[in-house]
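This report concerns only the one structure given below.
Coordinate-derived values only; no laboratory data. Given the structure is predicted, the values throughout are model-derived calculations rather than measurements. FYI the Cβ positions are ideal-geometry reconstructions off the backbone, even for glycines, and counts take in every protein chain you see.
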Amino acid sequence: MGFNDLELSERLLIARRGTAYLSQRLAELTDEELDGPTLLDGWTRRHLVAHLGYNAAALCRLMDWAATGVETPMYESTEQRAQEIAEGATLNPAALRNLFAHTVARLDEKWRNLPESAWQAQVRTAQGRTVPAEETAWMRTREVWIHAVDLGNGGRFGDFPAVVLDSLLDDIVGMWRKKDLGAGLALEVDGREPLRVSEDATVEHTVRGTLAGVVRWAAGRGAVGVTGGEVTPPRWL
């Protein structure tokens, strides 16, 4: 069963659990440590926290779109999104933490107050996909769980709910296939049959390990708990 097969209430609960997990990792960082690096090239923890705050704000706009029928895109442009993050990263620590806390609370309020009939309203993601508003639960779940690891202070893929890991693996492999990447690659989770990225291609390399380890490697967050992880995975986002 994948994430989107769950009842909406369960999906939102997992997103909230991820937010709590991320918030704990953030709370454990001192203000000085916010200047430190993340697992994302070129981003400090400041950049990542700013991104998480503004991502929540962007999802609030999608919820407003669903509630009112008035088109309100996540971002005006790719440039506007990048500028937001760059400027947010310059905030003082207290303001940066407040940005995160405030936008998280706003998004949760939007989720709680959206009429049941509006969850199927069609909205558009920053990548241009048209999806029902309920997709925001997965969009945010993916953000908070993965970026809790990206903060680099103790977050682990092994802490993720299994349904999140399975759905991330489906997302990643699905994106590789869509982009025609990783054709000779196979992923073998312990106790499962190997997953070939392309059924038509000869397997040239296999990455094996725990579900958490394989997903971490596939998501580009390093080879922990796998063998064969010395190669660089294709980009998926």
Electrostatic dipole magnitude of the chain [Cβ: Lys, Arg +1; Asp, Glu -1; Cα centre; debye, to 20]: 160 debye
Given charges at Cβ of Lys, Arg, Asp, Glu: the chain dipole, positive-most of 212, 138, 174: 138
Antiparallel DSSP beta bridges within the range 114-237, as percent of all bridges there, nearest 5: 60 percent
Neighbour-count order for 214, 163, 189, fewest beta carbons within 10 angstrom listed first: 163, 189, 214
Gained length - residue 156 relative to residue 109, 0.36 nm times residue gap less alpha-carbon distance: 14.1 nm
Alpha-carbon gyration tensor eigenvalues x 5, square-rooted, for the range 120-237, Å: 24, 19, 12
Compactness relative to 2.2 N^0.38 Å, alpha carbon Rg of the range 92-158: 1.34
Computed magnitude of the charge dipole of the range 160-227 (debye, nearest 20; Cβ of K, R +1, Cβ of D, E -1): 240 debye
Cα centre as origin, Lys/Arg/Asp/Glu Cβ charges: the range 6-119 dipole, Debye: 280 debye
Relative contact order %, the chain, counting alpha carbon pairs below 8 Å whose residues are six or more apart: 19 percent
Point-to-point label distance, residue 94-residue 202, nm (Cα→Cβ direction, 7 Å offset): 6.5 nm
Cα-based convex hull volume of the range 160-227 per residue, rounded to whole Å³: 80 Å³
Charge context of residue 69, other residues only, Cβ under 14 angstrom, K/R +1, D/E -1: 0
Cut-off of 10 Å, at most 12 other beta carbons, DSSP loop: longest stretch of the chain lacking such GluC sites (Glu not before Pro): 77-198
Over the range 114-173, relative contact order from alpha-carbon pairs under 8 Å, at least 6 apart, %: 19 percent
Residue order, fewest to most beta carbons within 10 Å, for 178, 110: 178, 110
Cα convex hull volume per residue for the range 3-155 (Å³): 106 Å³
Computed E for residue 180/residue 68 - FRET, C-beta separation, R0 45 angstrom, nearest 0.05: 0.70
Vicinal HN-Hα couplings computed from phi for the range 132-140 (Karplus, 6.51 cos²θ - 1.76 cosθ + 1.60; Hz; Gly/Pro x): x, 4, 5, 5, 4, 4, 6, 4, 6
Using a Förster distance of 22 Å, the FRET efficiency for residue 170-residue 231 (Cβ separation, nearest 0.05): 0.55
